[in-house]
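Colleague: The structure follows.
The values are calculated or read from the model by the stated rules, or taken from the named source; none is laboratory data. In this text the structure is predicted, and so the values were computed from the model without any measurement. Cβ: placed from backbone, ideal geometry, glycine included. Neighbour counts: every protein chain shown. These area figures cover heavy atoms from the full protein model, side chains too; ligands, DNA and RNA do not enter into them. Shrake-Rupley method; radii C 1.70, N 1.55, O 1.52, S 1.80 Å.
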Amino acid sequence: MINMCPSLSYLAPRPLFILTCSILFGWASAWSQGSSLPSPLRVLHDSFDVSAENLDGIWWLEMPGLIDMTDLPIYASMDEENDLFIGVLIGQNDIDVQATYAQRESINRWSVVVTEDGGLMFKSWIFKTSEEDILLEFILSVAELSDFLQNAIGSSSEEFLFDVAGCVNGIERSLDGSSMEYRSMLNPQSYCACLAELVVDDPDLLFAMMDITSPKSIEAMRACWSDFCPRCASIGISFEQAMLGLQGNSDAVGEINSTGRINFINGCVKAFLLEERIDAEFTLSQMETSCECLYDRVLRQDGMTMAEYLDPNGVIYNEMLDECMSDLYALQVYLNEGARPRGCTGTMRLPVLRDMSGTWKVKVNLGVSEKYLILDTGASELIINQDWADELKAQGILSNAPIDNILYTMADDREVFADIYVASRMSFGACDFYDFKVAVLPEGGMLCGMGVLSLFSSWHIDEGNRELVLMVD
């Protein structure tokens, strides 16, 4: 059976969010070595379409098709200190080396070096330990590099809608292990270029291609069949025979569409992370939940056009947002939402201090340790610095390992990641909270935000008496 299934990607508008979809119609490799890989590599192996190879006792992963609009593979391995290393090599014929190297300070997660043959090597390390943190940091790194390289390499209007390189990579990966005679019959580059031209003429075709067995998807593949297999007609292999073989294999169709779903969700999550105007802090699982909803919503929308999809005032666009984004914002709750204070009722008055800048501070107890934290209604949670967190861990008050990792936007618009830990007890005046979640920032922090104040029925600052007045029902 000949695999002629395309890979495509497209960008949705940015009025409220970006939706970047990379839909790969091809069989994902099922490597038996997966269970023997080091844990950080196994996370990437299980999440993306990869090839794995052991060279002199060292595992290397090759992950093509992840950097938008390029066929550049990402390589991953464990370095000598057992940290996860990822790298991307770009030849001098693919990029303006001097101009790109001069802009290296604009990317934060990667270091860049000029190779001996005049190309560029992008290198990054991931020091996270939990599976979700590794995956999140990897997606962020790829998103940043994609954004950087799109400006450096550039992309045509065709590539904006259809990822020709990704299409070629998807087909070539599905042909791994095939004989050279068989592979020589096929021309993935011409085939994918043909599909790209069809998408330029009819952008709505992108939606049909989300289901490999849809009539419009089959029609597109039939139109490009001669480009894919120029010799097939002369040896008596028709498109109908090849397509019948694919459609007759329900497992293959299911795996193809499942792979497309996974890549759609990965691209969608990456888009969330790139969107500058999203000012709420979401976890990776929350973003994935919304992206799954968006995929299902697009898939079941019959006859959706690109014009409708891109219209920020259109019915389909807004109904999709209402259905999926409202779910996401419903998930965007404070870390300790619903926690009930114990040991206090009625009106409670806490003394507050004012520092030299006029900022109010309030005393917060974690276990038996207490500090004055800035009372910041612009902060979403109780945020502490790493020094206090280390002290609390040593005392057994804070959990040893984080339970989550959340992106926060600081007052100066910097975006930083905070690890979420559980404190055995947090006291706010006479009120006690147990198993209380706190955010830990490596640098800075020490803020008491709305995630604490919202746990009370009402609150206000009595400036005259220098008190924080809280009401507990």
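Colleague: Confirm whether LEU328 is among the hydrophobic types (A, V, I, L, M, F, W, C), in contact with a Ser or Thr (Cβ under 6 Å, 6 or more places away or on another chain) and either modelled with pLDDT under 80 or within 30 Å of ASP204 (Cβ to Cβ) (or both).
Modeller: When the stated conditions are applied, LEU328 passes them.
Colleague: Given the structure, is GLY57 of a type outside the set (Lys, Arg), within 23 Å of PRO40 (Cβ to Cβ) and without any contact (Cβ under 8 Å) to a residue 12 or more places away in the chain?
Modeller: yes
Colleague: A further question follows. With (1) open to solvent by less than 80 Å² (accessible area, probe 1.4 Å); (2) touching a strand residue (DSSP E or B) at 6+ places or on another chain (Cβ under 6 Å); (3) within 30 Å of SER258 (Cα to Cα) as the list, and LEU89 as the residue in question, which single condition is left unmet?
Modeller: Going through the list (1) open to solvent by less than 80 Å² (accessible area, probe 1.4 Å); (2) touching a strand residue (DSSP E or B) at 6+ places or on another chain (Cβ under 6 Å); (3) within 30 Å of SER258 (Cα to Cα), LEU89 breaks only (1).
Colleague: Those residues that are aliphatic (A, V, I, L, M) and open to solvent by 20 Å² or more (accessible area, probe 1.4 Å), I need them from segment 286-300; list them, please.
Modeller: Listed by number, the list holds a single entry, LEU299.
Colleague: Something else: I'm trying to understand the selection: among the residues of segment 337-376, which are of a type in the set (S, T, N, Q) and surrounded by 13 or more Cβ atoms within 10 Å (Cβ to Cβ)?
Modeller: ASN365, SER369
Colleague: Hey, does segment 405-413 have a residue that's closer than 16 Å to TYR334 by Cβ, in contact with a strand residue (DSSP E or B) (Cβ under 8 Å, 6 or more places away or on another chain) and at pLDDT 90 or above?
Modeller: no
Colleague: Six or more apart or on different chains, Cβ atoms under 6 Å: show the pairs whose first residue is in segment 118-137 and closer than 12 Å to ILE86 by Cβ and whose second is at pLDDT below 85.
Modeller: Between residues of segment 118-137 that are closer than 12 Å to ILE86 by Cβ and residues that are at pLDDT below 85, the close pairs are ILE134/LYS128; GLU137/LYS128.
Colleague: Filter segment 103-144 for residues that are part of a helix (DSSP H, G or I) and over 13 Å from the mean Cα position of the chain (by Cα); which is nearest to GLU288 (Cα to Cα)?
Modeller: Filtering segment 103-144 for residues that are part of a helix (DSSP H, G or I) and over 13 Å from the mean Cα position of the chain (by Cα), the one nearest to GLU288 (Cα to Cα) comes out as GLU131.
Colleague: Looking at (1) in a loop (DSSP other than H, G, I, E, B); (2) without any contact (Cβ under 8 Å) to a residue 12 or more places away in the chain; (3) over 29 Å from the mean Cα position of the chain (by Cα), find the lone condition where ASN400 falls short.
Modeller: (3)
Colleague: Right, here's the next one. With in a strand (DSSP E or B) and either surrounded by 19 or more Cβ atoms within 10 Å (Cβ to Cβ) or basic (Lys, Arg) (or both) as the only criterion, which of ALA389, ALA439 stands out?
Modeller: Answer to the check: ALA439.
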